[in-house]
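To start, the structure itself, in structure tokens.
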Amino acid sequence: NFSRVTEFILLGLSNTREMQVLSFTTFFLAYLMVLLGNLLIIVTVTTDPKLCSPMYFLLCNLSFIDICCTSVTFPRMLVDLLTQRKAITFEDCIAQLFFLHFVGASEMFLLTVMTYDRYTAICKPLHYTLIMSRQLCWLLVSACWAGGFLHSLVQTLLTVQLPFCGPNTIDSYFCDVPPVIRLACTDIYVTEWLMASNSGFISLVCFLVLVTSYTFILVTVRVRFTEGHRKALSTCASHVMVVTIFFVPCIFIYLRPFSTFPSDKHICVIYTVFPPVMNPLIYTLRNNEVKASMWKLWKRCKV
């Protein structure tokens with residue numbers, strides 16, 4: 001490693017004190033909602049034997065990933081909003097980059113698996129329990145984590161081999177591949193296209209698989225429009241909204257040359273904040289089974 005830079009300076013989202021206080025309040029409440037909402041889902045699913053279907057197993061894993069994903073960026077961002085000099089060491093920056101892509105790619109793969117689960121449940125209901133066995137669910141979740149690890153390892157190795165000799169100012173509120181490699185003291189044309197083909201290609205392929213799966217689901221629901229399928233359609237519509245908010249900004253940021261476009265830190269807020277906050281609301285307030293289980297859990301806690 002030929003780096004001479006020992007730390008980076010994060011510029012954050014705003015330089016004005018008023019906006020920093022407003023941002024701290026907003027992101028603190030959002031982080032609190034993510035932690036409480038997703039922890040409530042995990043506790044509810046793991047303590048209620050009735051919620052043992054593959055859908056709830058995958059939902060529990062999604063909640064865990066959302067907690068991990070926000071915990072990579074939110075705590076440090078909240079601390080930086082209260083300090084004047086937002087410095088992060090080179091090692092901490094690389095670690096944040098690694099874990100961000102690790103859990104981020106794992107979530108992309110898991111959302112794709114969840115779509116396959118809904119496709120099987122709606123389009124092949126008679127074979128659902130046979131296809132989505134517990135063993136297959138564990139295998140798919142393990143594959144999501146393994147795929148996220150490999151993706152993040154490639155991104156991290158491509159980053160640390162670059163020489164950083166100044167400047168050291170990152171125009172963002174966390175360390176990510178695009179703003180970091182722009183600071184490299186070398187030609188990054190090949191590196192940025194390798195990274196774009198990695199992150200961008202994964203985002204695009206997963207999104208296309210999701211769109212294709214939901215297309216088949218919509219065709220099936222249109223042919224067999226019963227009360228059960230109406231409920232499934234409502235659930236899928238909410239799922240489509242969340243994955244669109246998550247994937248479209250990722251495709252926009254990562255599927256392009258990093259050095260030729262300005263900073264997009266405000267777009268990063270869309271996929272790092274909104275999906276983790278919305279997932280607990282969509283999967284609990286719109287699901288009668290989960291709400292009933294939460295009510296039973298609440299009554300047991302009161303006793």
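The values are calculated or read from the model by the stated rules, or taken from the named source; none is laboratory data. Note that the structure is predicted; figures quoted are calculated from it, not measured. Virtual Cβ from ideal backbone geometry, glycine too; neighbours counted across all protein chains shown. Heads up: the accessible areas ignore ligands, DNA and RNA and are worked out on the full protein's heavy atoms, side chains in. Shrake-Rupley method; radii C 1.70, N 1.55, O 1.52, S 1.80 Å.
Relative to the longest principal Cα axis of the chain, at what angle does helix 54-80 sit, 0 to 90 degrees, rounded to 10?
Relative to the chain, helix 54-80 is tipped by roughly 30 degrees.
Counting only helical runs of four or more DSSP H residues, what would the 222 nm mean residue ellipticity of the chain come to if each run contributes -39,500 (n - 2.57) and the total is spread over all its residues?
Working: 10 runs with 227 residues, N = 303.
So the calculated ellipticity at 222 nm is -26000 deg cm²/dmol.
Long-range amide H contacts for PHE8: which residues qualify at under 5 Å (H placed 1.01 Å from N, peptide plane, sequence gap of 5 or more or a different chain)?
ILE88, THR89, PHE90
Tell me which aspartates and glutamates have Cα within less than 15 Å of LYS86's Cα, excluding those fewer than 8 residues away on the same chain?
Reachable aspartates and glutamates: GLU7, ASP171.
Report the paramagnetic label zone for THR26: residues of the range 67-85 whose backbone N is under 20 Å from a point 7 Å from Cα along the Cα-to-Cβ axis.
Counting only backbone N, you get 70-84.
Which are the unpartnered cysteines of the chain, meaning those with no other cysteine Cβ under 4.7 Å from their Cβ?
Cys with no partner Cβ under 4.7 Å: CYS52, CYS60, CYS68, CYS69, CYS123, CYS137, CYS144, CYS206, CYS236, CYS250, CYS268, CYS301.
What accessible area per residue comes out for the range 15-162, rounded to a whole number of Å², with a 1.4 Å probe? Mind dumping the intermediate values first?
Numbers: 6860 Å² over 148 residues.
With the other protein chains kept in place, the range 15-162 gives 46 Å² per residue.
If the viscosity is 0.890 mPa s and the temperature 25 °C, what translational diffusion coefficient in µm²/s does Stokes-Einstein give for the chain when Rh comes from Kirkwood over Cα pairs?
It comes out at roughly 119 µm²/s.
Order SER14, SER199, most accessible first, counting only protein heavy atoms with a 1.4 angstrom probe. If you can, show how the numbers build up before the last one.
On the way: SER14 30, SER199 5 Å².
Accessible-area ranking of SER14, SER199, largest first: SER14, SER199.
Suppose the chain between LEU82 and LYS296 were pulled fully straight at 0.36 nm per residue; how much longer would it get relative to their current alpha carbon spacing?
Working: separation 214, 0.36 × 214 = 77.04 nm, distance 4.02 nm.
Here the segment from LEU82 to LYS296 would lengthen by 73.0 nm.
Whenever you get a sec, compute what percent of the accessible area on the chain sits on carbon and sulfur atoms (1.4 Å probe). Present the calculation step by step, with values, prior to reporting the outcome.
Details: 10610 of 14770 Å².
About 72 percent, which is the carbon plus sulfur part of the accessible surface.
In degrees between 0 and 90, to the nearest 10, how far off the longest principal axis of the chain does helix 227-254 point, with axes built from Cα atoms?
Rounded to the nearest ten degrees, it is 10.
To the nearest 10 degrees, how steeply does helix 90-123 sit against the main Cα axis of the chain, on a 0 to 90 scale?
With both axes taken from Cα atoms, the answer is about 20 degrees.
Could you tell me whether the range 141-185 comes out rounded, prolate or oblate from its Cα gyration tensor? Rule is a ≥ b ≥ c as square roots of the eigenvalues, rounded for a/c under 1.5, then prolate if a/b exceeds b/c, otherwise oblate. Mind dumping the intermediate values first?
Working: a/c = 5.08, a/b = 2.10, b/c = 2.42.
The shape class here is oblate.
Please work out the C-alpha center-to-center distance from the range 1-42 to the range 155-215 and express it in whole Å.
For the range 1-42 versus the range 155-215, the Cα centre distance is 20 Å.
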